[in-house]
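Just so you know, all these numbers are worked out from the coordinates, no wet-lab data involved. Note that the structure is predicted; figures quoted are calculated from it, not measured. Virtual Cβ from ideal backbone geometry, glycine too; neighbours counted across all protein chains shown.
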Amino acid sequence: MSALPDLQAALAAQIRLGIATPEGVVPPAGLLVVPQRLLIHQRHVRTSLTAVLRSRFPAVVKLVGDGFFAFAAAQFIAASPPADPRVARYGDALPDFLARFGPAHAYPWLPDVARIENAAFAVADAPLQDPIDPARLAAIPTEQAADLVFLWNPAAQLVSSNLPAAVLWRVAREGRLDTQIDMANAGPTRLLIRRAADGVEARDLSPVEFAFRAALAGGSSLGVAAESAGDGFDLAANLATVLAEGCVTDFTLEGTRS
Amino acid sequence: MSPGKSNTPIVARAGIGLRAPHIDLVLASHPAAAWFEVHAENHMTDRPGDITPAFRALWSVRQDYPVSLHGVGLSLGGAEPLDDDHLARLKDLVLRIEPFAVSEHLAWCGAGGAFLNDLLPLPYTDEALCTVVRHVDAVQTALGRRLLVENPSAYLAFADPGMAEADFLAELVARSGCGLLCDLNNSHVSAHNLGGDARAWLRRLPAAAIGEIHLAGFVREDADGDSVLIDTHSTAVDGAVWDLYAEALSLFGPCPTLIEWDADIPDFRVLQDEAARADAIAAPFAAANDDVRAA
């Protein structure tokens, strides 16, 4: 007889939903349920995963407060538990959850602040890779330069939002929660978040700077990316900055990739 | 990258569980510690050979200290198949860090694709034994080395509890060739919560299979007048667990012993003091062992 899969599926469902077995309800097959004992596991799952989310989304916690965050996290954990045993990475789906989460609709910028924190986490966790040696690029004939396709460094993330999420993220990150913010005029978000010598660094980009980098990161060739940035774009200066900021780790030439 | 130092001979001394708040301190000041244990999941990389900051930190620690890798995510007792990707990541870490021990838990961690981040209990039935033996065998085959399996903390009882835990562990050792990580705090907590005798449990374990001992702290809670011990790893080792430690040493001899502290983590010095206390308790047994060898 195979009882173990049924027992584990039933117990996991109870623990995941975070509800004790009500009196009189038949417990999972084979388990002598003492509700207070089941609660020990339910509480551990909820509190340990909430702690992971708190450490990954510290600005969100500061902006909405600990109580609201714990409330949202509990709903998120029940709806989208981790799939990966590396739980320190849990929470990639929190921004999308917050966008759907009715009680958070009072904070329309919240999902994008969480997206910034996701990007900062990805940067901090990304493999250490050397930026490309500029001498290798200099050896590319000028007539082929437009066909260059860069391998973008995962330790350089781009985040955009129509809302001033970056302003709120910085206010929370720097502990300046009493700052008066003119939300109507604070402007949209276009951030480059990257690994710098002394930690994760975030920098605001202009619309053309962002468009150029987003195209390159998305796999467009240098020529296409420059066109997407629009008229008057200073390609040489922007390319130099992209390289100096370590955003590129390798390249191929379009049409020559295997 | 491969560790610059070969495996320092592992003396049966007390090591320290190394968690994020102390990693920078250890790398900067090289404090005295016989060895460190880390949670493998915190240092795994997506792809074999990747060097992430978390991997690099562990690799750097490994230059100066023996390291043990303690997994918390394989779900050895899960009825579902092992997560092959996770096992591959563990294998990559083991190959690169060259730990002196690799351990996991006699527990399951989720079902239906949900990882619940808890070490959930098994009924000790023949079916569960076959499942765990199969999974331990797969892990040992993949890693090419012996795995130490840790006894869990228990809060729940099963209608069909199956065999006694110590007998289940002995049978697991006999069938899989694995070793045991004897967590004395867990055995104390389980005995209290389910009404057992931790000393009798110790005496029934296969002594030759013990590869490591864990010591940690718990908290006591009242659940409707029912006293329950919670394995929080958030306090100093309890007196009852220190007593069990002396008993274990008399049965097993000196053994690599870990001070585990995972929540409300204190100053590193407190962990060093706990390790020193464990070493002091173990010293007479080590001396006795030397006498036996000399004779």
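Okay, here's what the table says:
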{"quantity": "Cα gyration tensor shape for the stretch B:14-294, rounded if a/c is under 1.5, else prolate or oblate", "calculated": "rounded"}
{"quantity": "Loop-exposed GluC sites (Glu not before Pro) per DSSP, neighbour cap 11 Cβ within 10 angstrom, longest uninterrupted part of chain A", "calculated": "A:24-173"}
{"quantity": "Neighbouring partner chain Cβ atoms per residue of B:76-89, average, 10 Å criterion", "calculated": "2"}
{"quantity": "Using θ = phi - 60° and Karplus 6.51 cos²θ - 1.76 cosθ + 1.60, couplings along the stretch A:216-226 (whole Hz; Gly, Pro as x)", "calculated": "4, 5, x, x, 6, 6, 4, x, 5, 5, 5"}
{"quantity": "Between 0 and 90°, nearest 10: helix A:35-56 axis offset from chain A longest Cα axis", "calculated": "10 degrees"}
{"quantity": "Amide proton proximity set for A:Phe251, modelled H, under 5 Å, gap of 5+", "calculated": "A:Leu151"}
{"quantity": "If the convex hull is drawn through the Cα atoms of chain A, its volume per residue in Å³", "calculated": "180 Å³"}
{"quantity": "Peptide A:125-133 - average C-beta neighbours from other chains (10 Å radius)", "calculated": "3"}
{"quantity": "Computed P(r) (all Cα pairs; the protein assembly as shown; 10 Å bins; percent)", "calculated": "3, 16, 24, 24, 17, 10, 5, 1, 0"}
{"quantity": "Simple Cβ-charge dipole of chain B, Lys/Arg +1 and Asp/Glu -1, about Cα centre, in debye nearest 20", "calculated": "1180 debye"}
{"quantity": "Angle between chain A longest axis and helix A:66-79 axis [Cα atoms, degrees, rounded to 10]", "calculated": "80 degrees"}
{"quantity": "Positive-pole candidate from A:Gln180, A:Pro58, A:Ala237, dipole of chain A, charges at beta carbon", "calculated": "A:Pro58"}
{"quantity": "Residues with amide H under 5 Å from that of B:Ile51, placed H, sequence gap 5 or more", "calculated": "A:Leu128"}
{"quantity": "For the stretch A:174-258: Kirkwood Rh in Å [reciprocal of mean 1/r, alpha carbons]", "calculated": "15.0 Å"}
{"quantity": "Linear extension gain, B:Arg134 paired with B:Glu247, 0.36 nm per residue minus alpha-carbon span", "calculated": "37.5 nm"}
{"quantity": "For B:Ala14, distant residues with modelled amide H under 5 Å away", "calculated": "B:Thr257, B:Asp279"}
{"quantity": "Relative contact order (percent, whole number), the stretch B:14-294, Cα cutoff 8 Å, 6+ residue spacing", "calculated": "16 percent"}
{"quantity": "FRET efficiency, B:Thr235 to B:Ala200 (Cβ-Cβ, R0 35 Å, nearest 0.05)", "calculated": "0.85"}
{"quantity": "Positive dipole terminus of the stretch B:14-294, leading residue within B:Thr45, B:Pro266, B:Ala246 (C-beta point charges)", "calculated": "B:Thr45"}
{"quantity": "Charge dipole magnitude, Cβ of K and R +1, D and E -1 - the protein assembly as shown, Cα centre, debye nearest 20", "calculated": "360 debye"}
{"quantity": "The stretch A:111-258 shape via C-alpha gyration tensor axes, a/c threshold 1.5", "calculated": "prolate"}
{"quantity": "Rg/Rg_ref, the stretch B:214-286, where Rg_ref = 2.2 N^0.38 Å and atoms are Cα", "calculated": "1.21"}
{"quantity": "Sum of -39500 (n - 2.57) over DSSP H runs of 4+, divided by residues of the protein assembly as shown (222 nm, nearest 500)", "calculated": "-14000 deg cm²/dmol"}
{"quantity": "Selection from A:Val87, B:Ala276, A:Asn153 lying farthest towards where the dipole of the protein assembly as shown points positive, charges on Cβ", "calculated": "A:Asn153"}
{"quantity": "Two-site label geometry, B:Asp262 and A:Asn185: point separation in nm, points 7 Å out along Cα→Cβ", "calculated": "5.2 nm"}
